[in-house]
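Shown next, in structure tokens, is the structure this report addresses.
Only the coordinates and a few stated rules stand behind these numbers; no lab work does. In this text, all values refer to a predicted model and were calculated from it rather than measured experimentally. We place every Cβ from the backbone using ideal geometry, glycine too, and count neighbours over all the protein chains shown.
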Amino acid sequence: MIVLSGSVLSAAEQAYLDGLSQRFGLILTEQAEGWHLAWQSQALVLRHTDLPKQSDIVVDFASGSASYRRQHGGGMGEAIAKAVGLNKKRDLTLIDATAGLGRDAFVLACLGARVTLVERNPLVAALLADGLRRAGEQPDLSDWLPERMQLHFASAQQALTELDAVEVVYLDPMFPERQKSALVKKEMRAFHQVVGEDPDADVLLPAALALASKRVVVKRPAYAPPLAGTKPSHEVKGKNNRFDVYVKAAI
Ligand SMILES: C[S@@+](CC[C@H](N)C(=O)[O-])C[C@H]1O[C@@H](n2cnc3c(N)ncnc32)[C@H](O)[C@@H]1O
């Protein structure tokens, strides 16, 4: 069942959603109270019944901060690029096993990586699929993005045993917010409501290390302990986070 409220679907929209569900095996039902899929300006969005449309969650690679970052120097100097090793090899193969809204995956793909995005939440996967579809229709993205960003709807546990080996596995599981989280952006809090916590995140590290031939990179809030309590080979500090790097072989 597809949950869309406040929208009267045209036949074309309904067919599009059915196609999306079939292609990725998505069962789109309400997952978090009050959050449902809706259409806004030809894009699929997640909307909360009690929140204004400005709080909609959408994947938009073609405009907004993702695009600004791409056009204004989101480059090899960024901590994430160094952590992953893109400063050494541009066309790394990479699995982002906790893809979320695909922002990190987009940064990495813009720099040259071939990224398989793994997401287990069906509503988030639907947003990703729709964001990738719209980006693939943009003139400045269409010639490279569909080839470099592929969506895989599955749990990371499953994907990391099923997918072909890659050079790098990237992990960014949800981490419990700090008590006084005034600094946590409104948008992030909303996203937290939809996907909840990731209490099983620790098991992803050994699975990722088994599949990656070069390294595993884990994004963590600066105050968080390393994933699974496992000390990384080294850390790369970002503006608001750090990247724990587990090296298996040189890139
Ligand atoms: C913090 S968000 C990732 C944000 C992402 N790096 C970005 O730039 O947009 C974590 C995401 O990972 C997903 N996730 C967590 N554990 C997962 C697992 N075991 N398998 C697949 N997806 C998972 C959650 O549903 C959530 O969407």
Which one is farthest from HIS152 (Cα to Cα), of the residues in the stretch 77-129 that are of a type in the set (Asp, Glu) and either surrounded by fewer than 24 Cβ atoms within 10 Å (Cβ to Cβ) or out of contact with any Leu (no Cβ under 8 Å at 6 or more places or on another chain) (or both)? GLU78
For PRO221, state whether it is free of Cβ contacts under 8 Å to residues at least 24 places away in the same chain and out of contact with any helix residue (DSSP H, G or I) (no Cβ under 6 Å at 6 or more places or on another chain). no
Within the stretch 135-251, considering only helices (runs of 4 or more DSSP H) that don't extend past its boundaries, which have at least 1 residues that are within 13 Å of the ligand (Cβ to nearest atom) and in contact with a strand residue (DSSP E or B) (Cβ under 8 Å, 6 or more places away or on another chain)? 156-162, 186-195, 204-211
Scope the stretch 115-134; condition in a helix (DSSP H, G or I) and either away from the ligand (no atom under 14 Å from the Cβ) or of a type outside the set (A, V, I, L, M) (or both); matching residues: PRO122, ASP130, GLY131, ARG133, ARG134
Would you pick out the residues in the stretch 209-234 that are under 21 Å from ASN87 (Cβ atoms) and either among the aliphatic types (A, V, I, L, M) or crowded, with 16+ Cβ neighbours inside 10 Å (or both)? ALA212, LYS214, ARG215, VAL216, VAL217, VAL218, LYS219, ARG220, PRO232
